[in-house]
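What follows is one structure encoded as structure tokens, with my remarks underneath.
Nothing in this text is a laboratory measurement; each read-out follows from the coordinates by a stated rule. Owing to the predicted nature of the structure, the values given are computational and were not obtained by experimental measurement. Positions of Cβ are generated from backbone atoms using ideal geometry, with glycine treated the same way; all protein chains shown enter the neighbour counts.
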């Protein structure tokens with residue numbers, strides 16, 4: 001994914017959302033993002049909304 005593609009996708013999300021990453025490969029960088037999707041993560045019993053950047057292909061991507 002290119003920076004321009006990521007910018008277009010993230011434009012659909014609230015500026016206040018947390019950004020989380022999920023990496024399945026041990027090596028690489030955030031440049032190897034294959035999907036961007038809304039998600040949540042849990043902390044101290046709270047579900048916090050976030051945008052998940054992942055290197056997995058099977059997650060559904062957000063419409064551009």
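Short-range pairs are left out: with C-alpha atoms under 8 Å and at least six residues apart, the relative contact order of segment 3-54 is 40 percent. Annotation: the residues 1, 43, sorted from fewest to most other C-beta atoms within 10 Å of their own C-beta, follow the order 43, 1.
Among rounded, prolate and oblate, which fits segment 3-54 when a ≥ b ≥ c are the square roots of the eigenvalues of its C-alpha gyration tensor, a/c under 1.5 means rounded, and a/b larger than b/c means prolate? Here segment 3-54 falls in the oblate category. Stretching residue 44 away from residue 16 to a fully extended chain increases their span by 8.1 nm, per 0.36 nm per residue minus the current alpha-carbon distance. For segment 3-54, the share of DSSP beta bridges that are antiparallel, to the nearest 5, is 65%.
Peptides 14-22, 47-55, ordered by how many other C-beta atoms sit within 10 Å of their residues on average, highest first, read 47-55, 14-22.
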